[in-house]
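Here is the structure we will look at, set down as structure tokens.
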Amino acid sequence: MSRDKIDYDILRQLSRDARQSASQLGRKLNLSQPATWRRIKRLREDGVLAGRQLVLDAEKLGFDVTVFLGIKLATKGRVSLEDFERAVTAIPEVQTVEHVLGLYDYRLRVVARDLADFERVLRRRIMTLPGVGDVEANVLLSEERRPGPLG
Amino acid sequence: MLDADDKALLRSLQDDPALTAPELAALTHLTAAQVTRRVERLSEAGILMGQTALINWAALGYTVQVSLRITLDKTIARAFDDFLIAARLVPEVLEIQTFLGRVDVRLSLVAKDLAHYQTVYRNQVLNLPHIADIEALMTVSTVKSDRRLPL
């Protein structure tokens, strides 16, 4: 499925603000409302537009600490990856889980109210996961999201 | 400060950002007008920062997703600044994060395939200034990605 510049423009606009209607987008991109709507519909049907996400200021909500964890499983094979994945995704403080190839097996993004709260999550929830081995923690200092190939 | 109703609203919106004021009212004991007022107040306070479209990069043709963990040469005073300025110019970069820990900076990037990744890695990433060490984690699968806050 080939995408043209207009598709990329629509995606860039919607990643900035997903609440824009087809007519608002059309006006910005010099496209008719029905044409914009058809393109959005196709991007949805093809799975490129995979829903929306709320953007919240974590610090203002009292989550001052974000930590990325690299986790190596200690007993690969014996404990199934499914068991680990099921348990780790159920932890509310764990925001993202990626299965990766490289130095670690999984990469986790964890939020906590402060470092003491993070220590609690780490000890009670992460270190007790089935099969967990080495854990490396890096505390997030700053973060920016880029439009990537959308330009 | 946030009360229980604000938190309930944010929880519902985290589950489904597309919910309208009447739909949110049906989920809480508030009226649609009260929902609208509260959502406006949360936006004005900068807590609710907006909504972003989730883009499935694989469906868009970017099948390779790599996390690069980078250590910088900290003997150079401007290492962080120089690196970040240059990293923003790499079009395949989706996220730039800085850390306190063993890793200094992480770049999340996408590529169409392994050949494309190799080109980006050799021609752009390795040319970024002040890199002391670099490790790559390749994403096999994304198990959880909702980035929800445990409110």
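The values are calculated or read from the model by the stated rules, or taken from the named source; none is laboratory data. What you see is a predicted model, and the numbers here were worked out from it, not measured in a lab. We place every Cβ from the backbone using ideal geometry, glycine too, and count neighbours over all the protein chains shown.
Just a few scattered comments:
- Residue count, region B:13-25 (criterion: loosely packed, with under 14 Cβ neighbours inside 10 Å and either of a type in the set (A, V, I, L, M) or in contact with a Pro (Cβ under 7 Å, 6 or more places away or on another chain) (or both)): 1
- Subset of region B:1-12 [surrounded by fewer than 12 Cβ atoms within 10 Å (Cβ to Cβ) and in a loop (DSSP other than H, G, I, E, B)]: B:1, B:3
- Residues in region B:37-78 that are in a helix (DSSP H, G or I), surrounded by 14 or more Cβ atoms within 10 Å (Cβ to Cβ) and within 14 Å of chain A (Cβ to nearest Cβ): B:39, B:42.
- Qualifying positions in region A:118-139 - of a type in the set (D, E, K, R) and surrounded by fewer than 17 Cβ atoms within 10 Å (Cβ to Cβ): A:119, A:120, A:123, A:124, A:134, A:136
- When residue A:41 is tested against (1) outside any helix (DSSP H, G or I); (2) assigned by TED's automatic domain parsing to the domain that holds residue A:24, only condition (1) is not met.
- Looking only at region B:13-36, and only at residues there that are among the polar types (S, T, N, Q) and assigned to a helix (DSSP H, G or I), the one that is farthest from residue A:55 (Cα to Cα): B:34
- Identity of the residue in region A:18-47, facing chain B (nearest Cβ under 7 Å) and free of Cβ contacts under 8 Å to residues at least 40 places away in the same chain, that ends up farthest from residue A:143 (Cα to Cα): A:47
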